[in-house]
Amino acid sequence: MIKVENLKKRFGKTVALDDVSFEAMKGEIFGLLGPNGAGKTTAIKLLCGLLKADSGTITLDGRTNPRLVEVRMSLGMVPQALAIYEELSGRENLQFFGRMYGLKGQYLKKRVKDCLELAGLSERSRERAGNYSGGMKRRLNMVCSFLHEPPILLLDEPTVGVDPQSRNLIFETIENMKRQGRTIIYTTHYMEEAQRLCDRVAILDHGRIMDIDSVENLITRHGGPSHIEAELEEKLTEPDKIRRLIDENIRFEETKIKFQTTKPLEALAKLNKSGVRFSSLKIQTANLEDVFLKLTGRRLRD
Amino acid sequence: MKKILFLALKDLRILFSDKGNIFFVFGFPALFALFFGFVFAGSDSQPSGMKIALVDQDKSEFSSSYISLLDSSEALRVVPMGRDEAIDSVRTGKLFAAVILKNGFGNEFETMFTKDESRIEIASDPSRKMESQYLQGLLAKAQFQAMAEKFTDRDWMRNNIGDWRNEVANANDIDEKQSGLFLGFFDAFDRLLKDVNDENFQTHFDGDMMNFATTDISREREGPVTSFQITFPQAMIWGILGCAVTFAISIVQERTKGTFERLQLGPIGRAHILGGKGTACFITCVFVVCFLYIGAKLIFKLPIRNLPLFILAAVCVILCFVGLMMFICTLGRTEQSAGGAGWAMLMVMTMLGGGMVPLVFMPSWLRSLSHISPVKWSIFALEAGVWRNLSFVEMIKPLALLLAIGATAFMFGISMLRRQDK
């Protein structure tokens, strides 16, 4: 559906993207995770043809020129900035952008109504967008790109500066779009968002892709073991048996055990099967933050 | 084309949603036209001539009659005062000039023409030479009028003829033949004045020194009939300037907010987006011109000499400023910087072009410099339709200049925008 090969882009002496390649399948949410300045927005702008790459190719649904009208009609881009007209109402914004995509008549009316419902703005659709809360503006900003029902969605940090309630509504909308079979490229610097939404994630730093895989595989590969701390109902009588079963480095402290493993669920199942009973359990698993730290030597929010 | 119209309608909707924009585009130009129209027109109850100080040191019958002649002129407002006060009033700028009638001003007829010693002195502001020259003309006119009144006094004439006769008879530098001719003329003129009866004297010596035949012809006026014919074209320019800057800022705003990019993502090109902006600017300018024209026509009965020419001029002026709008939007990357730079540029153009001070009051070098200002050509073109009554051929040059300036600015603006977006 979307194929990017050896993409390079420079702004003067600054390398924004350096030999970036990835592929997003139909119906997949593909995440670009990286800190500010990693090159996420540049990648999105290149994908939708707002910028021209210095080298490399972009293939969208088999077509290599994103400036073609047919390609643009198949794209919906949610920009990071609030690209709406605050002087117009929510409804007028949608009507205007709909007309720009050639929508008209009953179909335009239906799409405007659907998008207002999707954004939870139906009741305040006639109010000036300038009077909306930050979250409402974000939601309107997002649905303006869904009006023409594009099969490919490019979302550039769509949750920046929104309240948790609006964030959840945006997540639900994106998940709904995925269920409809749309291909979604989602950029973010929030690892929680990438973990929740994305099927696969590319870790981007200084314009380079450090690794691409599913969240689980990335954590397995780069996140390190999970730390497990368990309080047992009674002291173990055969600790050596448990050592052999789980890990030689397992530590016993009266009724407490501590160990590290890359497969925490498997280890806990084994313990349970061998008759160990837990009164409390604490599992600290690795996350994308750890992956990023391992791959780049710094934290996502550094 | 439909999409360009949708874009333009959106911009008009946004423009009219802001009361501030409405005031600057429509209200301010209308107020400008009204205010300066009334200022230039003056008031019926107040004299509007040049106010000058008059110092009468002569205190003669002739000086009194001279002063009353000056005072009766519509072009002057005479304020009698002492010499020191008069000089001080000019020095402090309260009055533009002081006229001093020295001792002996009315004693002798020759004093009016002698080069030896001036009996009339003008003290004026050196920076206002044009008005000073105008004042000298008014003073000379009054002097001749006073002299003409003297010729109606038979005794005064005979006394002076006697004096002139004695001067010629006693002069050593005139040869005998010439002297005889003058003396013969003076004797004959004196006899005529002595013998002519009162009726004939009044008929032939009273009144104008020269006999003019007058015919009443309904003449064609060359200049404007009312001051509003000057202020309304200027007001239209202010309205059009307001539109140009407002829409230039709106382009910058679209770029900073991201709506420009969002529009570019759609199945329309940059040309559509900028075309929509230009169309909206053009439509608003047309509204402004129509609004001011209708207001001027209904309220002030503003006469428009040549309506088709006025419409043609207005269209060319608007196209010129739509082009300039595209250039102004590239002058800054934020609304503030583009707006500031745009107004600064247009202010200079307006000052040079006579949008603030009429060109006639500018020094000649500044008037030459004004040729580079599109505001000058715009005002000229609009005035051509309102009161100058030029022919179409005479209008080709200003209209072509306006279109050329607009097209150049438009192309330059688009190329700058393209470069900035790379």
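Here, each number is a calculation from the coordinates, and none is a lab measurement. Just so it is clear, the structure is predicted and the values come from calculations on it, not from any experiment. FYI the Cβ positions are ideal-geometry reconstructions off the backbone, even for glycines, and counts take in every protein chain you see.
Here are a few things to note about the model shown:
- Within chain B, helix-based [θ] at 222 nm, where runs of 4 or more DSSP H residues each add -39,500 (n - 2.57), nearest 500: -21500 deg cm²/dmol
- Over 25 Å (Cα to Cα) - which of A:K3/B:K257; B:K277/B:K301; A:K235/A:K282; A:K137/A:K178; B:K59/B:K150 fall in this group: A:K3/B:K257; B:K277/B:K301
- Estimated D of chain A in µm² per second, where Rh is the Kirkwood radius over Cα pairs and Stokes-Einstein applies at 10 °C, 1.306 mPa s: 73
- Straight-line cross-link reach from A:K9 at under 22 Å between alpha-carbon atoms covers these lysines, not counting any fewer than eight positions away in the same chain: A:K40, A:K45, A:K52, B:K422.
- Top positive-direction residue, dipole computed over the protein assembly as shown with Cβ charges, set B:L309, A:Q95, B:A171: A:Q95
- Against chain B, whose longest principal axis comes from its Cα atoms, helix B:335-353 is set at around 30 degrees.
- Sites matching trypsin sites (Lys or Arg not before Pro) across the stretch B:269-327 that sit in DSSP coil, with at most 15 neighbouring C-beta atoms within 10 Å: B:K301
- Simple label model, 7 Å out from Cα along Cβ direction - B:M345 to A:T237, nm: 9.2
- For the stretch B:290-387, a/c is not less than 1.5, where a ≥ b ≥ c are the root eigenvalues of the C-alpha gyration tensor, and a/b does not top b/c. That puts it in the oblate class.
- Neighbour-limited loop hits for GluC sites (Glu not before Pro), the stretch B:52-101 (at most 13 other Cβ within 10 Å; DSSP other than H, G, I, E, B): B:E74
- Most mobile listed residue (B:F327, B:F32, B:F185) in chain B, GNM with C-alpha springs under 10 Å: B:F185
- Chain A, relative contact order in percent, only Cα pairs under 8 angstrom and at least six apart counted: 21
- Summing charges over neighbours of A:E233, with a neighbour being any other residue whose Cβ is under 14 Å away from its Cβ, gives 0 when K and R count +1 and D and E count -1.
- Calculated FRET efficiency for the pair A:F252/A:T14, C-beta based, R₀ 56 Å, to 0.05: 0.55
- Rounded to the nearest 0.05, the FRET efficiency derived from the C-beta distance between B:N197 and B:M147 at R0 = 25 Å is 0.55.
- Partner aspartates and glutamates whose Cα lies under 16 Å from the Cα of B:K141, excluding those fewer than 8 positions away in the same chain, are identified as B:D71, B:E74, B:E121, B:E131, B:E149, B:D208.
- Computed FRET value (nearest 0.05) for A:N272 with A:E172, which takes r as the C-beta separation and R₀ as 41 Å: 0.70
- For the pair A:K113 and A:T59, the difference between a 0.36 nm per residue extended length and the Cα-Cα distance amounts to 16.2 nm.
- In the elastic network of chain A, a GNM with C-alpha springs shorter than 10 Å, the most mobile of A:L288, A:L75, A:L51 is A:L51.
- Cα centroid of the stretch A:15-93 to Cα centroid of the stretch B:367-405, whole Å: 49
- Measuring spread by the Cα atoms of chain B yields a radius of gyration and Dmax of 32.0, 106 Å.
- By average C-beta atoms within 10 angstrom, highest first, the peptides A:226-234, B:373-381, A:30-38, A:5-13: B:373-381, A:30-38, A:226-234, A:5-13
- Think of it as helices only: each DSSP H run of n ≥ 4 in chain A is worth -39500 (n - 2.57), and spread over all residues that comes to -10000 deg cm²/dmol at 222 nm.
- Applying a DSSP loop filter and a limit of 13 other Cβ atoms within 10 Å to the trypsin sites (Lys or Arg not before Pro) in the stretch A:156-258 leaves A:K235.
- Relative to the longest principal axis of the Cα atoms of chain B, the long axis of helix B:270-300 lies at roughly 40 degrees.
- Against chain B, whose longest principal axis comes from its Cα atoms, helix B:374-383 is set at around 70 degrees.
- Counting Lys and Arg as +1 and Asp and Glu as -1 over every other residue whose Cβ lies under 10 Å from the Cβ of A:V20, the net charge comes to 0.
- With a simple spin-label model that places each label point 7 Å from the Cα along the Cα-to-Cβ direction, the separation between B:K2 and B:F28 comes to 3.8 nm.
- Nearby aspartates and glutamates by direct alpha-carbon distance to A:K294 (threshold 16 angstrom, same-chain neighbours under 8 apart not counted): A:D205, A:D211, A:D213, A:E216, A:D302
- Residue of B:L292, B:L70, B:L265 that the Gaussian network model of chain B assigns the largest fluctuation, springs spanning Cα pairs under 10 Å: B:L265
- Zero-based 10 Å bins, Cα pair distances in the protein assembly as shown, whole percents: 2, 10, 14, 14, 12, 10, 9, 7, 6, 5, 4, 3, 2, 1, 1, 0, 0
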